[in-house]
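What follows is calculated from the coordinates using simple rules that are stated; it is not laboratory data. Quantities reported herein were computed from a predicted structural model and do not represent experimental measurements. When we count neighbours, we look across all protein chains shown, and the Cβ atoms used for this are built from the backbone with ideal geometry, even at glycine.
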Protein chains: 2
Amino acid sequence: MTNKHQWSPPWVEKVPEPGTFRSIFKWGAGDTFKHPNPGFLQIIAKELGLVEGDFKQPAFLGEKIVENRPCISFSQKDAALFESIVGPENCFSDTYARLKSATGKSMEDILNLRAGKTQNIPDLVLHPKNRADIEKIVRLCHEKKIPLHVTAGGSSVTQGLACPKGGVTLVMTTHMTRVLEFNETNQTITVEPGLMGPAYEDMLNQAREIFNAERPYTGGHFPQSFEFSSVGGWVVTLGSGQASSYYGDAGDLVVAQDYVTPTGDFKTLDFPATATGPKINDIMKGSEGCFGVLTALTLKIFPYFPEAVRPFAFMFRTFADAIFAVRQISRSGCGMPSVLRVSDPEETDIAMKMYGLEGTLPDRFMSLKGLKPGSRCLVMGRTEGEPSFSKNLFRQVKKIGKSNKGLYLTGYPMKKWQAGRFSDPYMRDSLNDFGVLIDTLEAAVTWDHVEDLYKGVRSHVKKTPGMILMTHASHFYTQGTNLYFIFITKMMTLDEFKAFQTGVIEKITALHGSLSHHHGVGRMLAPFLETHLGKKQMDVLRALKREFDPHNIMNPGALGLGRQ
Amino acid sequence: MTNKHQWSPPWVEKVPEPGTFRSIFKWGAGDTFKHPNPGFLQIIAKELGLVEGDFKQPAFLGEKIVENRPCISFSQKDAALFESIVGPENCFSDTYARLKSATGKSMEDILNLRAGKTQNIPDLVLHPKNRADIEKIVRLCHEKKIPLHVTAGGSSVTQGLACPKGGVTLVMTTHMTRVLEFNETNQTITVEPGLMGPAYEDMLNQAREIFNAERPYTGGHFPQSFEFSSVGGWVVTLGSGQASSYYGDAGDLVVAQDYVTPTGDFKTLDFPATATGPKINDIMKGSEGCFGVLTALTLKIFPYFPEAVRPFAFMFRTFADAIFAVRQISRSGCGMPSVLRVSDPEETDIAMKMYGLEGTLPDRFMSLKGLKPGSRCLVMGRTEGEPSFSKNLFRQVKKIGKSNKGLYLTGYPMKKWQAGRFSDPYMRDSLNDFGVLIDTLEAAVTWDHVEDLYKGVRSHVKKTPGMILMTHASHFYTQGTNLYFIFITKMMTLDEFKAFQTGVIEKITALHGSLSHHHGVGRMLAPFLETHLGKKQMDVLRALKREFDPHNIMNPGALGLGRQ
């Protein structure tokens, strides 16, 4: 069995040609690649009923050059007005730039680009130089009723960047990347929203050198898209980093925000707490560009103690045992691990293969202990923060794990996970090239519904034959967690895929999962939002939309606000 | 000097007669009294230029019976409609009930009641039996455009309960006090909003007996008004408890809320986190009854570890030294003490007298160490939570205190403070009886503005002769704290008092203090809100108001929404 699939597909390891569809949808750096290891590939082939022949020839590589297509919704004269604001060097009307700015990483985006489709793109792409440019652009769009969108890292998996009504898209990563204030006294930093994750984090780690600070800091926010997402994007979509259980979700990190909106500009109050009515800072979090353009934001920063990081891992007999243990950890009252992850049996078995643990001495020891494949669940994580805090929490976590019959596995699996955590998304392209689809959906859930949600979604998905479903919980709160579902199956047509996806989304929400935990809503989940929130709560969002954007120009259709 | 003022005023220790103004404004329980001790009284007399003769005869005791006055704004016929909803036993039109329901604990309330004034009261007081009653009442008020207010504990210090346009007031503490769900798995409890602090906390402490729970819990919310405020009131005004630095402010404790509003009813999502756009749960926090009536709320609860509480106290040489040290504690990265308090020199000197420490051996030792009256500052607090967490944090706090030249004073001052923390407000009535005014204002502030705010407000207030100003910081965040100002001076007329108060509020906000940290806005701070937030952010609140309450019937005038 192990030797049966020891063939290696001709993985594509070519830097995409400039101007091609592939250069837009490929994950991450053009010259970086990662492929499933033989153990993982073996599972995929087996579960999907694929054989060596299915991996002979990659297809739908999207190597065609993007052809130019005319603008749809506004005149050359209007285009000239925008160009005069940002300058010709920051104004692009070629279709490649327009397509790139409107594309995220949803399966729908990828299927369309692999099929060479050019749709839902803006008419003009602008790279604003500063806040003053943005003010002028927003005023002009408002006056002329031209749709306005914003992009930065382009990692949206919910079609948050699509432009079904054309208009303009602002690219924030070119100029809107400045540090406006580093305030060590308040332990905050104020930056422009286009700053990318690594630049942000590196700067904080080197605060002594760069800002003459007393010590190094961390931003504490590490989504899987960390390398290819922006600080502003984290906040406007309510993202969560992999260390959110200690540092908080993106929404928890934002002290204040500066917005330009069609009906007025403002900076929210930066007090640590206020009792002055509903907080506009909260109202803007997660607004996904539907109310205005975020031009600056003040974020909490944290003392950086890399030496205090303590990885841990356990194996539990069942998913229920694992969930019970992490719930105990989450309610212990002695702080939270930064990273904490529970893999279900299917993901655990794949992880054992990916981490090269399958068949090893530890694996045989686990089996002897009754921790069998198909049932056992890997729990791993790390504590961090101030050293004495991390040390104490680490001890308590170990105590809780062991008292709930978890087998302690040292920090090894966590170290393996850490090594791959930002590069795993590259595997998606490799598999897509051979007609294997990978996509994800995720939901928040209170503790009392975790098991029902897990089992219900799993039995629903498994009705479709040839479906790998890896599930994990990766963000922890005293009141609950999230479930993250990863589907691997044979490539479908877009219609088939959307029908499948709709079925899963409806199953999730019917079983008390939230419509989104940290992916946002965009246009993909928008059709489900009113059912999820109920009419009155949706009315509240619509009222806010009218107040900020009466002409419905701001990212129309996202969040289900303003018909597309 | 110490013996000079050893007279004892004839403090009023009479249970107020039923039906009197005094029975409405007196703090807390009718038969409970607390008076300044001789040391405190000595300072008051000295600073305010009072002598024994000034304390001979109490005055303006408000012992008059509240006389009945007719309704102002709606007919007997309308009154009958309301009565038919709640039943005659839950419907009151006598002026005493109406005045009581509209009165809080602001100095303005007290001055008016001591002067026997009856104003800004509703026409009818209703005690709704359940959510169905509230739905009917809200529909009826909306249809007939009758103002609708809600009261519970009546501890508002911002005229949040006044009814300048008449209408009806709902009293929530009679029937709306049920527990709807105790969910140990999610570590939440769902209650009706009229439940009072002690009933709520006792129930959680006795969760094993009452709910057959695995362990005891705490709600973690202990405002000074704890005994006389309701769970719902905490949330709709964004209150903060004295242990907020560990447990969070009221807004942090709310998982979900159930509202009846003029334009529709809803329950917000109870997920631990979501990325489904701006959160309606956030929007409703702090809405002060201006959008709808809160009918139920789900709150976080916490494991109760009374054995893990560790009190501590330090004396620092100056206010700046004390603030520096507590900032280090707040940013340590090893969790937060539950209670943490910094008293400025004036409050420290008074505390030394109140706690009987002045002139003792420890006092002389402090002076020898250079910790002199007029400059030294008391810092005290306690750690709690899971025992190993509390123990580690206590060690770190002591380390930080000592490394910043704080003299460790053991837990003694903290224990003294704990003993008096809920009874100190009784002293206000005692002093008011002798023409001594006590009032407070408070503000949130980022660390970089603490000292300027402190000095600026102090020098402004001290321009008025005969003014005691005690200042403390009592709620701590990584990004800042709050300053709480307590004024003691000779009684003024209402006009003089309001002019003084306006001057201080304007000084606070000019020096980067927030308009309110945890008192809320009500009608007292409403005139300052638009300047504080700016027009556009105020427009957002107005848009929400229009959406929920287009006829402007919900607590009109509070939060500056809907003209009074």
In nm, to one decimal, how far is the modelled label at B:Val179 from the one at A:Ser375, with both set 7 Å along Cα→Cβ? 3.7
Sorting from shortest, the nanometre distances separating the label point of A:Ser423 (7 Å past Cα along the line to Cβ) from those of the same residue in the other copies are 6.8
The summed charge of the B:Gln187 Cβ neighbourhood (under 10 Å; Lys/Arg +1, Asp/Glu -1) stands at +2
Burial ranking of peptide ranges A:169-178, A:278-287 (average Cβ count within 10 Å, highest at the top): A:278-287, A:169-178
Sorting from shortest, the nanometre distances separating the label point of A:Lys46 (7 Å past Cα along the line to Cβ) from those of the same residue in the other copies are 8.5
About its Cα centre, chain A carries a charge dipole, from +1 on Lys and Arg Cβ atoms and -1 on Asp and Glu Cβ atoms, whose size in debye to the nearest 20 is 1440
Along the Cα-to-Cβ line of B:Lys498, 7 Å from the Cα, sits a label point; which residues in region B:98-139 have backbone N less than 18 Å from it? B:103-121
Candidate lysines for bridging to A:Lys398, where Cα separation is under 21 Å - those fewer than 8 sequence places away on the same chain excluded: A:Lys369, A:Lys415, A:Lys416, B:Lys391
What is the magnitude of the charge dipole of region A:306-420 about its Cα centre, with +1 placed on the Cβ of each Lys and Arg, -1 on the Cβ of each Asp and Glu, and no other charges, expressed in debye to the nearest 20? 440
Using unit Cβ charges (K, R positive; D, E negative) and no other charged atoms, how large, in debye to the nearest 20, is the dipole of region A:48-157 about its Cα centre? 240
For region A:134-200, what does the relative contact order come out to in percent, with C-alpha contacts under 8 Å and a separation of six or more? 25
Pick out, from A:Ala79, A:Gln242, A:Cys290, the residue whose Cα sits farthest towards the positive end of the charge dipole of the protein assembly as shown, with +1 on the Cβ of Lys and Arg and -1 on the Cβ of Asp and Glu. A:Gln242
Can you give the average number of partner chain beta-carbon atoms within 10 Å of each beta-carbon in peptide A:279-291, as a whole number? 5
Lys and Arg at +1, Asp and Glu at -1: neighbours of A:Gln242 with Cβ under 11 Å from its Cβ sum to +3
Where Rh denotes the Kirkwood radius from the mean inverse Cα pair distance, what is Rg over Rh for region B:306-420? 0.96
May I ask you to order B:515-524, A:414-423, A:215-224 by the average number of other C-beta atoms within 10 Å around their residues, highest value first? B:515-524, A:215-224, A:414-423
What are the GluC sites (Glu not before Pro) within region A:207-237 that DSSP puts in a loop, where the Cβ has at most 12 other Cβ atoms within 10 Å? A:Glu214
Cα gyration tensor category, rounded, prolate or oblate, for region A:475-537 with a/c compared to 1.5: oblate
Other protein chain Cβ atoms within 10 Å, averaged over every residue that makes up A:539-546: 6
Which order do peptides B:78-90, B:191-203 fall in by mean Cβ count within 10 Å, highest first? B:191-203, B:78-90
Which distances, in nm and shortest first, link the A:Lys117 label point to the same label point in every other copy, taking 7 Å along Cα→Cβ? 6.9
Can you pull out the trypsin sites (Lys or Arg not before Pro) in region B:437-496 that DSSP calls coil and that have at most 16 other Cβ atoms within 10 Å? B:Lys462, B:Lys463
Just tell me which aspartates and glutamates come within less than 18 Å, Cα to Cα, of B:Lys462; anything on the same chain fewer than 8 places away is out. B:Glu47, B:Asp344, B:Glu346, B:Glu347, B:Asp349, B:Asp439, B:Glu442, B:Glu451, B:Asp452, B:Glu496, B:Glu506
Quick one: if you stick a label point 7 Å off each Cα along the C-beta vector at A:Ala213 and B:Ser75, how many nm between them? 6.8
Which net charge results for the neighbourhood of A:Leu111, defined as the other residues with beta-carbon distances under 11 angstrom from its beta-carbon, given Lys and Arg at +1 and Asp and Glu at -1? -2
Length-normalised contact order of chain A, Cα under 8 Å, at least 6 apart, in percent, tallies to 16
Calculated from DSSP helices alone, with each H run of at least 4 adding -39500 (n - 2.57) and the total divided by the residues of chain B, [θ]222 nm to the nearest 500 comes to -10500 deg cm²/dmol
Contour minus Cα-Cα span, B:Ala510 to B:Leu368, at 0.36 nm per residue, comes to 47.2 nm
Taking each residue in A:477-488, count the Cβ atoms of any other chain within 10 Å of its Cβ, then average. What number comes out? 4
